[in-house]
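Participant: One structure coming up, written as structure tokens, with questions to follow.
We did not get these values from a lab; they are worked out from the coordinates using the rules stated. Note that the structure is predicted; figures quoted are calculated from it, not measured. Note that we place each Cβ from the backbone using ideal geometry, even for glycine, and neighbour counts take in every protein chain shown.
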Amino acid sequence: MSEDAASLQDDDFALFGVPRRFRLDRAALDARWKQLQRLAHPDRFAHQGAAAQRIAMQWSVRINEAYQRLRDPLRRAAYWCELQGVPIEAESNTAMPADFLLQQMQWREALDEARTPEDVEALLQAVEAERRERLDALADAIDVRADPQAAVAQVRALMFIERFADTLHARLDG
């Protein structure tokens, strides 16, 4: 595969030819993924032998991994932070600002006290509103201020929000 002389070692943004930003055009990303997959499809290299097909398979895997990272806002932001030399370290660094910890406790209490699906739905709406605000703050940290430390804090908070929203959805579904 040689479109634009891409390399398996290129970062995901370079591989897809998109700027190192948080906000990306999803339709353009999807279109580029399809284009790259067509270029790298192993069947295109069947006449070139097994070695060429193995290389094409490596490209296909690399393209899919990059696409999965870039299409998911939290994974994209975490990847951007890593490229800036500031990894998320969610497993080893669990420190959070006191106001966010307080908000988490309030949400947990509200869930414990929720008696009806409407109570859970109201809580979910509040959590989703906080998620939108945090995503906007994350976009600002990356796209405007290029501040990986601020971005890491938002990603870590959003990771909790996503897990808590999943809990709320499960409660509504069950």
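Participant: Any idea what Rg and Dmax come out to for the range 3-71 if you just take the C-alpha atoms, in Å?
Facilitator: Answer for the range 3-71, Rg first and Dmax second: 12.4, 40 Å.
Participant: Oh, and also: Once phi is turned into ³J(HN,Hα) by the Karplus curve 6.51 cos²θ - 1.76 cosθ + 1.60 with θ = phi - 60°, what whole-Hz value does each residue of the range 103-117 show in order, with x for glycine and proline?
Facilitator: 4, 4, 5, 5, 5, 4, 5, 4, 5, 4, 8, 5, 10, 10, x
Participant: With a 10 Å cut-off between alpha carbons and a GNM built on the chain, which of Gln53, Gln149, Gln103 moves the most?
Facilitator: Gln103
Participant: Take each of the peptides 73-84, 29-40, average the number of other beta-carbon atoms within 10 Å over its residues, and list them starting from the highest.
Facilitator: 73-84, 29-40
Participant: For Asp12, what is the net charge nearby, where nearby means another residue's Cβ is under 14 Å from its Cβ and Lys, Arg count +1, Asp, Glu -1?
Facilitator: On the way: positive: Arg20, Arg21, Arg32, Arg62, Arg69, Arg71, Arg75, Arg76; negative: Asp10, Asp11, Glu65, Asp72, Glu82.
Summing Lys/Arg as +1 and Asp/Glu as -1 gives +3.
Participant: With the contact rule set at Cα under 8 Å and sequence spacing of 6 or more, what percent relative contact order holds for the chain?
Facilitator: Values: 137 pairs, mean separation 39.1, N = 174.
With pairs under 8 Å counted, the relative contact order is 22 percent.
Participant: What does the chain give for Rg and for Dmax, in Å, if only its C-alpha atoms count?
Facilitator: 20.1, 65
Participant: For Asp112, what is the net charge nearby, where nearby means another residue's Cβ is under 14 Å from its Cβ and Lys, Arg count +1, Asp, Glu -1?
Facilitator: Details: positive: Arg108, Arg115, Arg171; negative: Glu109, Glu113, Asp119.
Neighbourhood net charge equals 0.
Participant: Then there's this: Going highest first, how would you order 65-71, 136-142 by mean Cβ packing within 10 Å? Intermediate values should be presented prior to the final figure.
Facilitator: Values: 65-71: 17.3, 136-142: 19.0.
Ranked from most to least packed, the peptides come out as 136-142, 65-71.
Participant: Sort 13-22, 152-161, 114-123, 93-102 for me by packing, meaning the mean count of neighbouring Cβ atoms within 10 Å per residue, highest on top. Write down the numbers at each step before the final one.
Facilitator: Values: 13-22: 17.0, 152-161: 20.7, 114-123: 13.2, 93-102: 10.7.
Put in order of decreasing packing, that is 152-161, 13-22, 114-123, 93-102.
Participant: Something else now. Once every DSSP H run of n ≥ 4 in the chain is given -39500 (n - 2.57) and the sum is divided by its residues, what mean residue ellipticity at 222 nm do you get, rounded to the nearest 500 deg cm²/dmol?
Facilitator: On the way: 7 runs with 118 residues, N = 174.
-22500 deg cm²/dmol, from helical runs alone.
Participant: Another question, then. With no solvent and one equal point scatterer per Cα, compute the Debye intensity ratio I(q)/I(0) for the range 98-173 at 0.11, 0.14, 0.16, 0.26 Å⁻¹ and report its log10, rounded to two decimals.
Facilitator: At q = 0.11, 0.14, 0.16, 0.26 Å⁻¹ the computed log10 ratios are -0.31, -0.48, -0.60, -1.18.
Participant: Where the centre of each part is set by its Cα atoms, how far does the range 44-96 sit from the range 100-174, in angstrom?
Facilitator: Computed from Cα coordinates, the inter-centre distance equals 26 Å.
Participant: Shifting gears a bit: Counting Lys +1, Arg +1, Asp -1, Glu -1, what net charge surrounds Leu172 among other residues with beta carbon under 14 Å of its beta carbon? All intermediate terms of the calculation are to be shown ahead of the outcome.
Facilitator: Details: positive: Arg115, Arg171; negative: Glu118, Asp119, Glu121, Glu128, Asp166, Asp173.
Value of the local net charge: -4.
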